[in-house]
Amino acid sequence: MNSVNPDYDISCVINFYGRINLLEGILYSLSAQNLPKEKFEVILVEDRGGTEDGRTIAEKFGEWLNIRYFALSENYGKMGYSRNVGLSKTKGKYVLFLDDDTVLEPDALEKMMEFWERASDDIGGAAFNMVNHPPLHASWLKSLPLTEKLGLYSKDKGKVLPSGFHTMIGFVSETIFVQWLTTGATVWRKNILDKFQFDEWFKGYSYLEDLDFSYQIGKEYRLAIVANAKYYHYPASTGRGSSYEFGKREVANRLYFVKKNQNLSLFRCYLALLVRMFMSMSFSIKERRLGYLQRAFGNCVGIVLSIFSIK
C-alpha cells in the first residue's frame, strides 16, 4: 500500500462504470465542500478498461479537485477488487469510500474530520448520516419480541444478529456506535486497512459486501455513525438484476457471510431466510407486485441449491 501523504487528511475512493450523471453529482458535491481542497484527494476507479466519458469527467473536475483516475482492464463484476485497487492508490491519513449515487452536504467532510480529530484510537470507521433513508419494510414484524428472541431481527440500529442478518441504521439524531457500516459513504483509518481488505468473493451487485467488510473491522474496533456529517443516497433503478436473481444471491451471500463468521448460527440463518421468503410472498399479495414473488422464488431456489451444494 502506498505511503501516507501528510498533506492529505483524507482520500476519497469512488468506483464506477457508466452512470456518468450520478458520478457528476458526487463530484459536484465534493467540489462544494467547506474542507479546503488541498486537504483531500479523489481516486476514481472505472471498470472494463474505462470509457471516454469517464476520462473526460476526471479531466473536467480535475480543475477543482485533486483527482487521479484509474481504468481497470479485468475482474469486472467484483466491486471488492475495484475497491481494493482504489485503496492501494490512496495517500491520505483516512480513506473514504463513496458510491457514485451519493451526494454530501457542503459541510459533511468538515464535520467528519472534526469527529476524527477527537476520535480515540479504538475507533476504526465512521459513516456519514443518511438523511433520506427509505422506510423499513414490515417494521411491525421486525419489532416483535419473538423476532428478537429468535435472533432474526432487533429494534437496535446497526446490529448484527446471531442469524447473520443485520438491522438497518437509518437517520440518527446523535452520533451512535454500531456493529456494521455501509461502505457507500464511510471513512476508515488507513493504518488498519493493511489488515482489512474487501473480500473479492462477492460478485455482481456485491450484496452484503459492506456488511462483510465492516463486521470484520467491528470485531476489533468501534464503528460510528456521525450525526452531523450528512449525505443523501439516490440509488439507480437498475443494479440488482432481476428479482429472481437477487433472491438467489441474497441467500448465497448471506450463507457465505454466516459460514465465514463462526460466532453466527447457520440454523438461525436458514430460519431467517425462510421468514424473508414468506415476507416477500406476503408483500406480493398485499402490493400486487410480481417482483416480490420472483424474489421469493429465487430465495427458495437458493435455499435448495445451498442444501444440496449445487453450484
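Count of region 8-17 residues, restricted to those that are open to solvent by less than 20 Å² (accessible area, probe 1.4 Å) and farther than 17 Å from M112 by Cβ, is 2.
I'd like to verify a number: residues in region 159-177 that are open to solvent by less than 10 Å² (accessible area, probe 1.4 Å) and among the small types (G, A, S), how many?
First, pick out the residues of region 159-177 that are open to solvent by less than 10 Å² (accessible area, probe 1.4 Å): 161, 163-164, 167, 172.
Narrowing the set further to residues that are among the small types (G, A, S) leaves 163-164.
The total comes to 2.
Would you mind finding the one in K39, K91 that is among the basic types (K, R), modelled with pLDDT of 90 or more, within 21 Å of F198 (Cβ to Cβ) and surrounded by 16 or more Cβ atoms within 10 Å (Cβ to Cβ)? So that I can check it myself, show each step before the final result.
Values: K39 fails: within 21 Å of F198 (Cβ to Cβ).
The conditions single out K91.
Close Cβ contacts (under 6 Å, 6 or more residues apart or on different chains) running from residues in region 290-311 that are closer than 12 Å to E250 by Cβ to residues that are open to solvent by 30 Å² or more (accessible area, probe 1.4 Å) comprise R295/S243; A296/M281; G298/Y244; G298/K248; V301/K248; G302/K248; G302/A252.
Tell me, yes or no, whether region 149-164 has at least one residue that is of a type outside the set (V, I, T), assigned to a strand (DSSP E or B) and modelled with pLDDT of 80 or more. Step through it out loud before you land on a result.
To start, the set of residues in region 149-164 that are of a type outside the set (V, I, T) comprises 149-159, 161-164.
Among the residues that remain, those that are also assigned to a strand (DSSP E or B) are: none.
No, region 149-164 contains no residue that is of a type outside the set (V, I, T), assigned to a strand (DSSP E or B) and modelled with pLDDT of 80 or more.
If you filter region 118-128 down to residues that are under 14 Å from the mean Cα position of the chain (by Cα) and among the hydrophobic types (A, V, I, L, M, F, W, C), you find that the one that is farthest from V172 (Cα to Cα) is A126. Of all residues in region 7-32, those being touching a helix residue (DSSP H, G or I) at 6+ places or on another chain (Cβ under 7 Å), among the aliphatic types (A, V, I, L, M) and farther than 23 Å from G125 by Cα number 2.
Where in region 53-114 are there strands (runs of 3 or more DSSP E), lying fully within it, with 3 or more residues that are touching a residue at least 60 places away in the same chain (Cβ under 8 Å)?
Numbers: elements: 67-71, 94-98, 102-104.
In region 53-114, the matching strands (runs of 3 or more DSSP E) lie at 94-98, 102-104.
Quick one: would you say S206 is modelled with pLDDT under 95 and on the phi > 0 side of the Ramachandran plot? Yes. Here are some residues: S280, S284. Which one is assigned to a helix (DSSP H, G or I), free of Cβ contacts under 8 Å to residues at least 24 places away in the same chain and open to solvent by less than 30 Å² (accessible area, probe 1.4 Å)? Exactly one of S280, S284 is assigned to a helix (DSSP H, G or I), free of Cβ contacts under 8 Å to residues at least 24 places away in the same chain and open to solvent by less than 30 Å² (accessible area, probe 1.4 Å), namely S284.
Quick grid of which residues meet (1) on the phi < 0 side of the Ramachandran plot; (2) aliphatic (A, V, I, L, M); (3) surrounded by fewer than 21 Cβ atoms within 10 Å (Cβ to Cβ); (4) more than 21 Å from the chain's Cα centre (by Cα):
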residue: I26; (1), (2), (3), (4): yes, yes, no, no
residue: L30; (1), (2), (3), (4): yes, yes, no, no
residue: I43; (1), (2), (3), (4): yes, yes, no, no
residue: E52; (1), (2), (3), (4): yes, no, yes, yes
residue: S82; (1), (2), (3), (4): yes, no, no, no
residue: L98; (1), (2), (3), (4): yes, yes, no, no
residue: L109; (1), (2), (3), (4): yes, yes, no, no
residue: W116; (1), (2), (3), (4): yes, no, yes, no
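Residue count for region 74-115, restricted to those that are under 16 Å from G204 (Cα atoms) and not acidic (D, E): 10. Given (1) closer than 12 Å to A127 by Cα; (2) open to solvent by 40 Å² or more (accessible area, probe 1.4 Å), where does W180 come up short, assuming only one miss? Here W180 meets the rest and fails (2).
When region 32-52 is examined, which residues are found to be touching a residue at least 24 places away in the same chain (Cβ under 8 Å) and over 22 Å from F115 (Cβ atoms)?
Taking region 32-52 as the starting set, the residues that turn out to be touching a residue at least 24 places away in the same chain (Cβ under 8 Å) are 32-35, 37-49, 51.
The answer is L44, V45, E46, D47, R48, G49, T51.
If the condition is being assigned to a helix (DSSP H, G or I) and crowded, with 20+ Cβ neighbours inside 10 Å, then region 191-217 contributes E209, D210, L211, D212, F213, S214, Y215, I217. Please verify whether S73 is among the small types (G, A, S), modelled with pLDDT of 95 or more and either touching a helix residue (DSSP H, G or I) at 6+ places or on another chain (Cβ under 7 Å) or over 18 Å from V187 (Cβ atoms) (or both), treating the condition exactly as stated. So S73 does not fit the description; no. Of all residues in region 257-271, those satisfying the criterion of being in contact with a helix residue (DSSP H, G or I) (Cβ under 8 Å, 6 or more places away or on another chain), assigned to a helix (DSSP H, G or I) and touching a residue at least 12 places away in the same chain (Cβ under 8 Å) are F257, V258, K260, C269, Y270.
The values are calculated or read from the model by the stated rules, or taken from the named source; none is laboratory data. None of the values given here were measured: they were computed from a predicted structure. Cβ: placed from backbone, ideal geometry, glycine included. Neighbour counts: every protein chain shown. Remember, those area values only see protein heavy atoms, side chains included, never the ligands or the DNA or RNA. Shrake-Rupley method; radii C 1.70, N 1.55, O 1.52, S 1.80 Å.
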